[in-house]
Amino acid sequence: MEFHASHRYARVSARKARYVVDLVRGMAVNDALQTLKFTNRRPVHMVEKVIRSAVANAGEINPEIDAGDLYIGKAVVEEGPLLGGRVRFRPRSRGMAHPYRKRTCHIRLWLRTRPAEAESEGQSKNTAKE
């Protein structure tokens, strides 16, 4: 099963958010939250909220699901609109104006459950080797 959550119009550039999302993509939920706890980047709090929201969505849809059984299957950061919809200007030396953009992004991720058959097959293979 898949469970989805998103944070739209996050007030951070997509490039900065992608760095944090790339750290946790493919990890188990508990490991991802632990990794984010010790990461010193601004988008960490936004990504953490999205992960917790997806876990809550999973709990609403299927109350029997444990957070330990979930992993981050797909995570995407897309560019959002510029805040204010246009370029703003800041005064610079010699009477010039310097443009700057207030960027936003959309952080979306999907949690997936690990298939039960694959886990049991993997355990039986490990025990056969021993």
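Here are the numbers for this structure:
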quantity	calculated
The stretch 62-107, residues that are closer than 20 Å to VAL47 by Cβ, among the aliphatic types (A, V, I, L, M) and either exposed (fewer than 11 other Cβ atoms within 10 Å of the Cβ) or in contact with a helix residue (DSSP H, G or I) (Cβ under 7 Å, 6 or more places away or on another chain) (or both)	ALA67, LEU70, ILE72, ALA75, VAL77, ILE107
For LYS49: the one exception among (1) buried (at least 16 other Cβ atoms within 10 Å of the Cβ); (2) part of a helix (DSSP H, G or I); (3) within 10 Å of the chain's Cα centre (by Cα); (4) not hydroxyl-bearing (Ser, Thr, Tyr)	(1)
Qualifying residue in the stretch 28-50 (condition: of a type outside the set (S, T, N, Q) and closer than 18 Å to PRO115 by Cα)	yes
Per-region count, the stretch 1-12, residues more than 26 Å from ARG103 (Cβ to Cβ) and surrounded by fewer than 16 Cβ atoms within 10 Å (Cβ to Cβ)	2
Where a residue in the stretch 22-42 is part of a helix (DSSP H, G or I) and its partner, wherever it lies, is at pLDDT 95 or above and charged (D, E, K, R), with Cβ under 7 Å and at least six apart	LEU33/GLU48; LEU36/GLU48
Count of residues meeting criterion [assigned to a loop (DSSP other than H, G, I, E, B) and of a type outside the set (Lys, Arg)] in the stretch 1-21	3
Selected residue (criterion: surrounded by the fewest Cβ atoms within 10 Å (Cβ to Cβ)) from residues of the stretch 18-44 that are over 12 Å from the mean Cα position of the chain (by Cα) and over 25 Å from GLY59 (Cα atoms)	ASN40
Verdict on ARG15 being exposed (fewer than 13 other Cβ atoms within 10 Å of the Cβ), touching a His at 6+ places or on another chain (Cβ under 7 Å) and over 16 Å from ARG112 (Cβ atoms)	no
ARG103, sole failed condition from (1) in contact with a Gly (Cβ under 6 Å, 6 or more places away or on another chain); (2) assigned to a loop (DSSP other than H, G, I, E, B)	(1)
Selection count where residues are among the small types (Gly, Ala, Ser), assigned to a helix (DSSP H, G or I) and under 20 Å from ARG114 (Cβ atoms), scope the stretch 54-95	6
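The values are calculated or read from the model by the stated rules, or taken from the named source; none is laboratory data. This structure is a prediction, so every number in the text was calculated from the model and none was measured. For neighbour counting, all protein chains shown are included, and Cβ atoms are generated from backbone atoms with ideal geometry for every residue, glycine included.
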